[in-house]
1. Tell me whether region 523-532 contains one or more residues that are surrounded by 12 or more Cβ atoms within 10 Å (Cβ to Cβ), farther than 28 Å from residue 50 by Cα and small (Gly, Ala, Ser).
2. Hey, any hits in region 198-209 for a residue that's modelled with pLDDT of 95 or more, surrounded by 15 or more Cβ atoms within 10 Å (Cβ to Cβ), touching a helix residue (DSSP H, G or I) at 6+ places or on another chain (Cβ under 8 Å) and assigned by TED's automatic domain parsing to the domain that holds residue 18?
3. Within region 135-189, can you find the residues that are among the aromatic types (Phe, Trp, Tyr) and farther than 20 Å from residue 107 by Cα?
4. Name the one entry in 169, 154, 191 that is assigned to a helix (DSSP H, G or I) and in the same structural domain as residue 243 (by TED's automatic domain parsing).
5. Evaluate region 513-522: report whether one residue or more is of a type outside the set (Phe, Trp, Tyr) and closer than 27 Å to residue 428 by Cα.
6. Where residues in region 367-408 are polar (S, T, N, Q) and either over 21 Å from residue 445 (Cβ atoms) or under 33 Å from the mean Cα position of the chain (by Cα) (or both), which of them is surrounded by the most Cβ atoms within 10 Å (Cβ to Cβ)?
7. Could you identify the single residue in 402, 473, 468, 434 that is of a type in the set (A, V, I, L, M, F, W, C) and modelled with pLDDT of 95 or more?
8. With respect to residue 348, determine if the residue is hydrophobic (A, V, I, L, M, F, W, C), closer than 21 Å to residue 432 by Cβ, in a helix (DSSP H, G or I) and within 29 Å of the chain's Cα centre (by Cα).
Amino acid sequence: MSNSFLGLEGLHVFITGAAGGIGSQAIREFLDHGCNVTAHDLRPIEVPSLHGEQYARLHTVTGDISDEESIRSCFQQARKRFGPVNILIANAGITDESNEYPIWEMPLDLWEKTYRTNIRGTFLTIKHFLRAANAAQDALGRELDNLAIVVTGSECGKFGQAGHSEYASGKAGLQYGLIRGVKNEIVRLNSKARINSVAPGWVNTPLIEGRLDHPKEMWAEAQATVPLRKIAKPEDVARAMAFLASHRAAGHISGECLSVDGGMEGRLVWKENEVVKTSSSSQLAVASKPQEQSVSQSIPRALTKPKRNKIRVSVSIDLDAVSGWLGTGSHPDNILADYSSGFFAAKVGVPRLLHMLKKVGIADRCTWFIPGHSAESFPEEVRQVVESGCEIGLHGYAHEGAYQMTPAQERDVLERCIEISKKLTGKKPAGYRAPLYQLRESTLDLLEEYGFEYDASLTDHDSHPFFAPRRPALQPIDFSQPASTWMHPIPPPTNDNKPDRRPLVCIPCNWYMEDMTPMQFLPHAHNSHGYVDVRVIEQMWRDRFLWIRENEEEPIFPVLMHPDTSGMAHVIGMLERMLRWLKGWGEDEIEFCQTGEIARWWREKELVAGAQ
């Protein structure tokens with residue numbers, strides 16, 4: 001028996017346009033009703049202040065509703081996560097609030113872009129929701145419970161809106177044409193299936209931020225024709241959606257459009273600045289004809305796009321496998337169970353990560369740093385990595401740290417690993433990451449001598465590349481000596497006519513952008529945790545990204561994975577979710593790059609800047 005009036009507990013809801021003000025509130029509303037929610041958008045989706053149990057019932061997918069294969073795939077992903085979808089909230093829609101074009105001046109591109117998302121996208125979303133429902137019913141041998149669709153329309157579709165006929169005409173077609181046709185079709189697929197629409201008036205979302213700040217604008221748009229004299233909140237619309245979605249509450253309502261507009265009676269046709277004042281009277285008179293019109297251009301002006309601060313995302317994977325336990329992870333108490341996790345990394349973690357990266361579409365945009373021991377011990381798995389099209393960088397032989405070796409041993413190891421890498425890829429490696437970030441000045445000397453383009457071990461910056469430093473080695477303080485002997489600043493560069501920086505580019509990485517330290521338990525490592533909730537790490541990474549995006553110019557965003565850690569069943573889903581969230585910012589803002597590509601881009605940029 002249901003626990004609530006609406007009876008939505010346990011149902012699977014698919015929400016499009018989930019990143020917007022109404023969409024994000026709809027997510028929260030259905031989660032509050034005990035539903036499993038798949039949230040879809042082309043942009044990143046943020047729903048703050050969810051508790052852990054709700055977070056477990058939320059699945060996010062990224063895609064373009066106007067792309068048929070994309071939306072079909074997203075319904076497939078939703079089914080794999082929570083089973084068949086019962087309720088569709090077709091909420092996605094766009095409008096250009098920055099301009100108001102009369103129809104004779106409206107750019108064709110704007111009309112087609114709006115219709116592509118609002119009409120084509122809604123059609124494809126409903127089509128594949130119902131196709132998925134039909135397939136699920138065939139598999140189950142029965143009708144799905146509470147099969148319902150709620151389409152987001154608009155009061156623009158009821159009253160029109162001057163300057164936005166592309167938006168108003170499309171919404172009218174959805175809320176009065178589409179749903180009334182579809183209601184007579186879906187009952188042939190499911191005898192109790194329903195489709196309805198909500199038509200919001202003004203809603204207080206970021207889309208209209210600033211539009212109604214002026215009292216006169218608020219009066220003209222949302223008070224003069226609205227009895228309740230206010231604009232709606234997103235939760236007003238979300239609750240109407242939940243009501244219409246419920247068979248228990250609205251099971252005999254189909255093909256209807258529910259206005260959520262405060263009782264709106266229409267829209268003002270003439271704004272105050274469009275009305276002519278007569279010189280002899282203070283009364284307002286409506287002009288009998290529009291004032292002199294500007295001549296429309298034969299080619300409508302293009303929509304200008306704001307300049308974006310592009311972020312280059314560097315996804316790298318360290319394939320330590322068993323070598324991680326032999327070098328920096330060596331310990332007299334290591335046992336067979338410890339080494340076993342290294343076999344898991346190669347045999348299970350690598351295929352899982354490759355599959356996930358291919359699904360996200362970035363397998364060839366990554367860099368794998370592979371120890372020589374891993375390359376020679378697991379040739380089949382490493383072959384799969386190379387065939388993905390990724391970049392291959394060096395990562396020591398047995399994951400040994402520089403401070404464990406003599407400079408001569410460092411040279412021997414580097415030469416051997418260069419030869420192993422050349423056999424794998426047919427070319428000399430361009431990049432290096434020190435095992436456990438343990439490199440020293442002699443390591444940088446060797447990388448410079450052997451012509452490496454970059455290193456990815458140091459943390460002088462967290463979001464910008466930099467040239468590797470050339471500075472004297474820092475010596476530890478001997479506190480047994482008088483203070484006067486060790487109270488000195490960092491030594492200045494030596495006067496040997498060499499610059500204080502090397503030609504080697506450093507791509508930053510740090511402990512806070514890697515997976516292993518917080519999410520994998522290593523019994524003999526003092527900085528190992530292993531039991532940190534993956535959502536804590538995901539939120540920290542998102543917070544880092546958002547701050548960098550807002551405050552840094554052309555930054556990079558490194559993400560470091562290990563098959564040992566990110567290949568685990570409870571971690572890999574978070575990584576996929578995070579990468580799709582990053583990808584969701586779009587090509588104007590995000591570019592996934594191999595680490596070597598970033599090093600070459602930054603070096604060229606610095607050379608150009610230095611020449612000016």
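1. yes
2. Step one: filter region 198-209 for residues modelled with pLDDT of 95 or more, giving 198.
Restricting the remaining residues to those that are surrounded by 15 or more Cβ atoms within 10 Å (Cβ to Cβ) gives 198.
Imposing the further condition that a residue be touching a helix residue (DSSP H, G or I) at 6+ places or on another chain (Cβ under 8 Å) reduces the set to 198.
Checking the rest, the ones that are also assigned by TED's automatic domain parsing to the domain that holds residue 18 come to 198.
Checked against the condition, which is being modelled with pLDDT of 95 or more, surrounded by 15 or more Cβ atoms within 10 Å (Cβ to Cβ), touching a helix residue (DSSP H, G or I) at 6+ places or on another chain (Cβ under 8 Å) and assigned by TED's automatic domain parsing to the domain that holds residue 18, region 198-209 yields at least one hit.
3. 159, 176
4. Of the residues listed, the single one that is assigned to a helix (DSSP H, G or I) and in the same structural domain as residue 243 (by TED's automatic domain parsing) is 169.
5. Looking for residues that are of a type outside the set (Phe, Trp, Tyr) and closer than 27 Å to residue 428 by Cα, one finds at least one in region 513-522, hence yes.
6. Filtering region 367-408 for residues that are polar (S, T, N, Q) and either over 21 Å from residue 445 (Cβ atoms) or under 33 Å from the mean Cα position of the chain (by Cα) (or both), the one surrounded by the most Cβ atoms within 10 Å (Cβ to Cβ) comes out as 374.
7. On the way: 402 fails: modelled with pLDDT of 95 or more; 473 fails: modelled with pLDDT of 95 or more; 468 fails: modelled with pLDDT of 95 or more.
Result of the check over 402, 473, 468, 434: 434.
8. Working: hydrophobic (A, V, I, L, M, F, W, C): yes; closer than 21 Å to residue 432 by Cβ: no; in a helix (DSSP H, G or I): yes; within 29 Å of the chain's Cα centre (by Cα): yes.
Judged against the criteria, residue 348 is not a match.
The values are calculated or read from the model by the stated rules, or taken from the named source; none is laboratory data. All figures in this text were calculated on a predicted structure; none of them were measured in a lab. So basically every Cβ, Gly included, is an ideal-geometry build from the backbone, and we count neighbours across all protein chains shown.
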